[in-house]
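The values are calculated or read from the model by the stated rules, or taken from the named source; none is laboratory data. Computed from a prediction, not measured in an experiment: that's the story for all the values here. No Cβ is skipped: glycine too gets one built from the backbone with ideal geometry, and neighbour counts run over all protein chains shown. Note: accessible area is taken over every heavy atom of the protein model, side chains too, but ligands, DNA and RNA are not part of it. Shrake-Rupley method; radii C 1.70, N 1.55, O 1.52, S 1.80 Å.
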Amino acid sequence: MSELHKFLFDGLPVRGMIVRLTDAWTEILARRASNSDTGAYAPPVQALLGEMAAAGVLMQSNIKFNGALVMQVFGDGPVKLAVTEVQPDLSVRATATVRSDRPVADNAHLADLLNVAGGARCAITLDPKDRQPGQQPYQGVVPLEDANGRRFERLSEALQFYMLQSEQLDTVLVLAANDQVAAGLLVQRMPVKGEANLAAATESAEAGHDQIGLNEEYNRIATLASSLTREELLTLDVDTILRRLFWEEKLVRFAPQEGDTAPRFACNCSRERVAGMLRTLGLDEIEGIVQEQGQIEVGCEYCGQQYRFDPIDAAQLFTEAGKQPPSSESVQ
């Protein structure tokens, strides 16, 4: 089962968490593989999307945001777009659009998949559930390269850069995914002053731990966290990972989120959402599709659910709500 573990470094403004997506991740892959139009992802694309799913859960859990966290990477490589979305209850879904005319090399890394000629971007969008009329979601966008123009080879580099640029928080991320597990480790320095500060950290600072000392402590922990290999992250249990990395540290661990509170796959697509999307195309466009194809079929890219609109259903899209007869059901 999928699981999320949170911990603090006692007396220091440093927090961490580890996520392991198992059933949630294999469900995402199985739904993609069962789609006859697309088929399974190539291994490098699969690894990228799994890392995005793990990172999305870590970031959503970290900020405790009452809304959807949507992570997107897009560029000019074989992967046109990859998206993961995580809700406040840690339900997650993910999908990628791959260009059919661009082969994916077996050893392709992030730059090969997205940033061949430069210009690729990573966007993090926070869309609140209680968004008010006229309120726009918050979005932060960073390039998939550093300030010197070096293209990132791993997603973790891009997200660490994002956290530093957008949140001014030093962060270490280790991410890995295969066809069974998508996992991630996050270690982050917390602000010494402000609402997010730990009382213990403030007391420690007042007792003589100056900023230089805190920097040294964080740098030591960051170095330890960065030493975790992708293979270890995928194969070792959480207790073993924490013991190997931080055996000299005093950790404060919280009850793991497992079972009903664990990250899980879920898709919030619906016939109503699809109908709303079709309305944006306009009556003329919809009538043209129906005339040409006899009906409209729309498949959810996340879960594979198919929604069918016959000529009567299509006409109902543009009639007044409440005067519509019962519509056709969605089909598997």
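Phi angles of the range 223-240 translate, via the Karplus equation with coefficients 6.51, -1.76, 1.60 and θ = phi - 60°, into HN-Hα couplings of 5, 4, 4, 5, 6, 5, 7, 4, 5, 4, 4, 7, 10, 8, 6, 5, 4, 5 Hz per residue; Gly and Pro are given as x.
In order along the range 132-138, the Karplus-derived 3J(HN,Hα) couplings, from 6.51 cos²θ - 1.76 cosθ + 1.60 at θ = phi - 60°, round to 7, x, x, 6, 9, x, 7 Hz, and Gly and Pro are given as x.
Please give the net charge around ALA314, taking every other residue with its beta carbon less than 14 angstrom from that of ALA314, where Lys and Arg add +1 and Asp and Glu add -1.
Computed value for this residue: -4.
Taking 4 °C and 1.567 mPa s as conditions, the chain diffuses translationally at an estimated 59 µm²/s according to Stokes-Einstein applied to its Kirkwood radius (Cα pairs). Close amide-amide hydrogen proximity is noted between CYS122 and VAL142, LEU144, each under 5 Å apart and 5 or more residues distant or on a separate chain (H modeled in the peptide plane; Pro and chain starts excluded).
Which percent of the accessible area of the chain is formed by carbon and sulfur heavy atoms (probe 1.4 angstrom)? That share works out to 49 percent. Pairwise inverse Cα distances across the range 59-204, averaged and inverted, put the Kirkwood hydrodynamic radius at 16.9 Å.
The count of lysine pairs in the chain whose Cα atoms are under 30 Å apart, excluding pairs fewer than 8 places apart on the same chain, comes to 12.
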